[in-house]
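Read the structure below first, then the notes.
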Amino acid sequence: QVQLVESGGGLVQAGGSLRLSCAASGSIFSINTMGWYRQAPEKQRELVAGITRGGSTNYADSVKGRFTISRDNAKNTVYLQMNSLKAEDTAVYYCFADSFRRSWGQGTQVTVSS
């Protein structure tokens, strides 16, 4: 079983930056892909970015060029650097980790004021 703890959300003005962190514990040896989803009010949860243990990444088109996902396997932590934030990036961001099954973090609120 994998436990995920997120940090780094908050309130920022449009054009600003935030960095989210997600630390994994438990059965970390089994984790392959980690990443982030987000869910805005009255919208479906959507994939933001993912990264494999080997470092391969994928991004939603809406965040390409603005967000960067990275991973420190030694610390079992995944990061999401978010730059040039827009009001439409406002959402609850959820970390996930894929091992034998998908595990989720508790979510962290990101609010971008215009």
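Can you pull out every residue in the stretch 57-78 that is of a type in the set (A, V, I, L, M, F, W, C) and open to solvent by 40 Å² or more (accessible area, probe 1.4 Å)? Spell out how you get there, then give the answer.
Residues of the stretch 57-78 of a type in the set (A, V, I, L, M, F, W, C): 60, 63, 67, 69, 74, 78.
ALA74, the sole residue that qualifies.
Quickly run through the stretch 79-104 and pick out the residues that are of a type outside the set (Phe, Trp, Tyr) and open to solvent by less than 10 Å² (accessible area, probe 1.4 Å). It would help to see each step written out before you state the result.
Going residue by residue through the stretch 79-104, those that are of a type outside the set (Phe, Trp, Tyr) are 80-92, 95, 97-99, 101-103.
Result: LEU80, MET82, LEU85, ASP89, ALA91, CYS95, ALA97, SER103.
Can you name every residue in the stretch 34-56 that is within 15 Å of ILE69 (Cβ to Cβ) and open to solvent by 30 Å² or more (accessible area, probe 1.4 Å)? Outline the logic, then answer.
We begin by selecting, within the stretch 34-56, every residue within 15 Å of ILE69 (Cβ to Cβ); these are 34-38, 46-56.
Within the stretch 34-56, TYR37, GLU46, LEU47, THR52, ARG53, GLY54, GLY55, SER56 meet the criteria.
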* Can you tell me how many residues in the stretch 8-33 are in a strand (DSSP E or B), surrounded by 14 or more Cβ atoms within 10 Å (Cβ to Cβ) and hydroxyl-bearing (Ser, Thr, Tyr)? -> 1
* Only one of (1) in contact (Cβ under 8 Å) with a residue 40 or more places away in the chain; (2) closer than 13 Å to SER21 by Cβ; (3) among the basic types (Lys, Arg) fails for ARG71. Which number is that? -> (1)
* For the stretch 61-107, enumerate the residues that are under 16 Å from GLU46 (Cβ atoms) and in a strand (DSSP E or B). => PHE67, ILE69, LEU80, MET82, ALA91, VAL92, TYR93, TYR94, CYS95, PHE96, ARG102, TRP104
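The values are calculated or read from the model by the stated rules, or taken from the named source; none is laboratory data. Quantities reported herein were computed from a predicted structural model and do not represent experimental measurements. No Cβ is skipped: glycine too gets one built from the backbone with ideal geometry, and neighbour counts run over all protein chains shown. Only protein heavy atoms, including side chains, enter the accessible area calculation; ligands, DNA and RNA are left aside. Shrake-Rupley method; radii C 1.70, N 1.55, O 1.52, S 1.80 Å.
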